[in-house]
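The values are calculated or read from the model by the stated rules, or taken from the named source; none is laboratory data. Here the structure is a predicted model, which means the values were calculated and not measured. Cβ placement follows ideal geometry from the backbone for every residue including glycine, while neighbour counts extend to all protein chains displayed.
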Amino acid sequence: MPRRILIVDDEPKMGSLLKRSLEREGYAVEAFERPAAALEALKAGDVDVLLTDLRMPGMDGLEVLRRAKTIAPRTEVILMTAFASVETAREALTRGALDYLVKPVSAEDDLKPLLDRLFAGETETPVEAMSGHASPLPASASHPPASLIADSSGMRTILGKLDKIARSGASVLLRGESGTGKEVLADLIQTRSPRAGKPYLKINCGALTETLLESELFGHARGSFTGAHADRVGLFEAADGGTLLLDEIGEVSPALQVKLLRLLQSGEFQRVGDSKQRRCDVRILAATNRPLEKMVAAGEFRQDLYYRLNVVPIEVPPLRERREDLEPLVMHFARRFGGGREVHFTEPARRALLEYDWPGNVRELENAIEHALVLGDAAGIELEDLPVAVQRFGERRAAAAGEAAVGGASLEEIEQRCLLAALRRTGGNRTRAAELLGITRRTLGYRLRKYGLEEEATRLGLGGGEDG
């Protein structure tokens, strides 16, 4: 019997997206816009997980959490919000929430790994298991890295070196714009390294305040600050013998950089509020989208720490510089979000997807394909089914192409060029050419006869593309 999940979010689109994604993973999912309706459904029993937005009119997520735990204490509750704060996260977890996710929430990257661990009986990271306290914006435990599609020369070069890098045990600094796949590469390094199978923990250094980040990394002693009711093991101790991914390393404060440097140099550290010297053996993988060299020159990042982290640098190219990967990635995401069905894109949509610059890189492309599959029909994704930014790019490109085609030609000459161009693109298949032009096959035949182009159209169809 499939696991049952309830989603409550006053944004219908978000609920619909998550519902579709989780159903593809085999879960039984119901989505609600009103918290009261979701709580009524919860009373029926047999609900494994309740996923709720934090800010909603009438009843916020914390109240939903409180009532849910009263109605069904064994149902796990996950909160999600676009307005993250450490205080709210702590309150949610103190009240019994399983986790706290920051929007936009990705079913593939955020929810699926969490649910996999939950239903495998691994709801706590090693840090939580040893300390007895949940982390405010938790660093998730490892999950198998997603398939990496890499047809471009730049990515093939990186993958060609990856096994040697993984075996080396050296610190690795992954550089590149947001969404390029730095974490996927970090996962591959871990799974191919001698430390595979040992603890592999991750933390986003930019998501926490300096004080909270220090406590998360190094742990703290009981009574070291308000709310420190017990000793807490930090991520370095929890990852001893394994690997720690420090994402957004460029966001770490100068004071904390000193402590990181000391640990990297000697393996020694102290918990916050504790004088005892401790040791750990942890391999460091770091990732950033910031220009660390410029930060070093400006005195914002320690040069000695930079060199300790940058033993093996990996520069991950943006998607606009690896266009050979675009079409395979489009089809990969289309299969995933299309439930394995064959997905077709009209020519304007396909051209927009392949020629757009993707400033958000692979993450933006993934979102765009999911968006298109929600709004469009897998039998023919149109340009208007794509996100607004991609759609407008496609429209501007078509307008510019039209202006270039006009030149000094007459309207009839331009029309003839378009007819023949469509037939060439489709190998002489008149049905597909008509679809491409947005006219009926009968209209296409009429215009070919009007301009005396039947003979040339027939020649174009001799390669097998003609459909009679």
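Say whether the condition of being at pLDDT 90 or above and within 27 Å of Leu174 (Cα to Cα) is met by at least one residue in segment 229-236.
yes
Looking only at segment 273-284, filter to residues that are free of Cβ contacts under 8 Å to residues at least 60 places away in the same chain and in contact with a strand residue (DSSP E or B) (Cβ under 9 Å, 6 or more places away or on another chain); which one of those is surrounded by the most Cβ atoms within 10 Å (Cβ to Cβ)? So that I can check it myself, show each step before the final result.
Residues of segment 273-284 that are free of Cβ contacts under 8 Å to residues at least 60 places away in the same chain, as a first pass: 273-282.
Of the ones still in play, those that are also in contact with a strand residue (DSSP E or B) (Cβ under 9 Å, 6 or more places away or on another chain) are 273-274, 277-280, 282.
On the way: Gly273: 15, Asp274: 16, Gln277: 9, Arg278: 17, Arg279: 12, Cys280: 19, Val282: 21.
In this case the residue turns out to be Val282.
So, in segment 411-444, exactly how many residues are touching a Lys or Arg at 6+ places or on another chain (Cβ under 7 Å) and small (Gly, Ala, Ser)?
1
Determine whether Leu101 is at pLDDT 85 or above, within 21 Å of the chain's Cα centre (by Cα) and hydrophobic (A, V, I, L, M, F, W, C).
Numbers: at pLDDT 85 or above: no; within 21 Å of the chain's Cα centre (by Cα): yes; hydrophobic (A, V, I, L, M, F, W, C): yes.
No.
For the subset of segment 414-457 comprising residues that are among the hydroxyl-bearing types (Ser, Thr, Tyr) and assigned to a helix (DSSP H, G or I), which member is surrounded by the most Cβ atoms within 10 Å (Cβ to Cβ)? Show your work before the answer.
Taking segment 414-457 as the starting set, the residues that turn out to be among the hydroxyl-bearing types (Ser, Thr, Tyr) are 426, 431, 440, 443, 446, 451.
Still in the list and also assigned to a helix (DSSP H, G or I): 431, 443, 446.
Details: Thr431: 15, Thr443: 12, Tyr446: 12.
The extreme case among them is Thr431.
Does Arg195 satisfy the condition of being among the basic types (Lys, Arg) and in a loop (DSSP other than H, G, I, E, B)?
Working: among the basic types (Lys, Arg): yes; in a loop (DSSP other than H, G, I, E, B): yes.
So Arg195 passes the test.
For segment 248-269, which residues satisfy the criterion of being in a loop (DSSP other than H, G, I, E, B) and surrounded by fewer than 17 Cβ atoms within 10 Å (Cβ to Cβ)? I'd like the intermediate steps shown before the answer.
Initially, segment 248-269 is screened for residues in a loop (DSSP other than H, G, I, E, B), giving 248, 252-253, 267.
Ser253, Gly267 - these are the residues of segment 248-269 that are in a loop (DSSP other than H, G, I, E, B) and surrounded by fewer than 17 Cβ atoms within 10 Å (Cβ to Cβ).
How many residues are buried (at least 18 other Cβ atoms within 10 Å of the Cβ) and either small (Gly, Ala, Ser) or assigned to a helix (DSSP H, G or I) (or both) when one looks only at segment 337-362?
The initial filter retains those residues of segment 337-362 that are buried (at least 18 other Cβ atoms within 10 Å of the Cβ), namely 337-338, 343, 345-346, 348-349, 352-353, 356, 358, 360-362.
Okay, now just the ones that are also either small (Gly, Ala, Ser) or assigned to a helix (DSSP H, G or I) (or both), so 337-338, 348-349, 352-353, 360-362.
Total meeting the criteria: 9.
In segment 198-225, what count of residues is obtained for those that are in contact with a helix residue (DSSP H, G or I) (Cβ under 9 Å, 6 or more places away or on another chain) and among the hydroxyl-bearing types (Ser, Thr, Tyr)?
So the count comes out to 3.
Among what's in segment 412-429 and is without any contact (Cβ under 8 Å) to a residue 12 or more places away in the chain and not charged (D, E, K, R), pick the residue that is farthest from Leu460 (Cα to Cα).
Ranking the candidates gives Ile414 first.
Got a number for residues in segment 188-213 being small (Gly, Ala, Ser) and farther than 17 Å from Val102 by Cα? Give the steps one after another, and end with the answer.
Narrowing segment 188-213 to residues small (Gly, Ala, Ser): 193, 196-197, 206-207.
Checking which are farther than 17 Å from Val102 by Cα leaves us with 193, 196-197.
The total comes to 3.
Given the options Gly241, Gly299, Gly338, name the one that is under 20 Å from Lys198 (Cβ atoms) and out of contact with any strand residue (DSSP E or B) (no Cβ under 7 Å at 6 or more places or on another chain).
Details: Gly299 fails: under 20 Å from Lys198 (Cβ atoms); Gly338 fails: under 20 Å from Lys198 (Cβ atoms).
Unique residue meeting the criteria: Gly241.
What is the residue count in segment 185-224 for residues that are of a type in the set (A, V, I, L, M, F, W, C) and either free of Cβ contacts under 8 Å to residues at least 12 places away in the same chain or within 22 Å of Glu268 (Cα to Cα) (or both)? Spell out how you get there, then give the answer.
Filtering segment 185-224 for residues of a type in the set (A, V, I, L, M, F, W, C) gives 185-186, 188-189, 196, 201, 203, 205, 207-208, 212-213, 217-218, 221.
Okay, now just the ones that are also either free of Cβ contacts under 8 Å to residues at least 12 places away in the same chain or within 22 Å of Glu268 (Cα to Cα) (or both), so 196, 201, 203, 205, 212-213, 217-218, 221.
Of the residues in segment 185-224, 9 are of a type in the set (A, V, I, L, M, F, W, C) and either free of Cβ contacts under 8 Å to residues at least 12 places away in the same chain or within 22 Å of Glu268 (Cα to Cα) (or both).
Taking Asp377 as the residue in question, decide whether it is modelled with pLDDT of 90 or more, on the phi < 0 side of the Ramachandran plot and surrounded by fewer than 17 Cβ atoms within 10 Å (Cβ to Cβ). Walk me through it before giving the result.
Working: modelled with pLDDT of 90 or more: no; on the phi < 0 side of the Ramachandran plot: yes; surrounded by fewer than 17 Cβ atoms within 10 Å (Cβ to Cβ): yes.
Answer is no for this residue.
Kindly indicate the residue of segment 163-188 that is β-branched (Val, Ile, Thr) and closer than 18 Å to Asn289 by Cβ and also surrounded by the fewest Cβ atoms within 10 Å (Cβ to Cβ) among those meeting that condition.
The selected residue is Val184.
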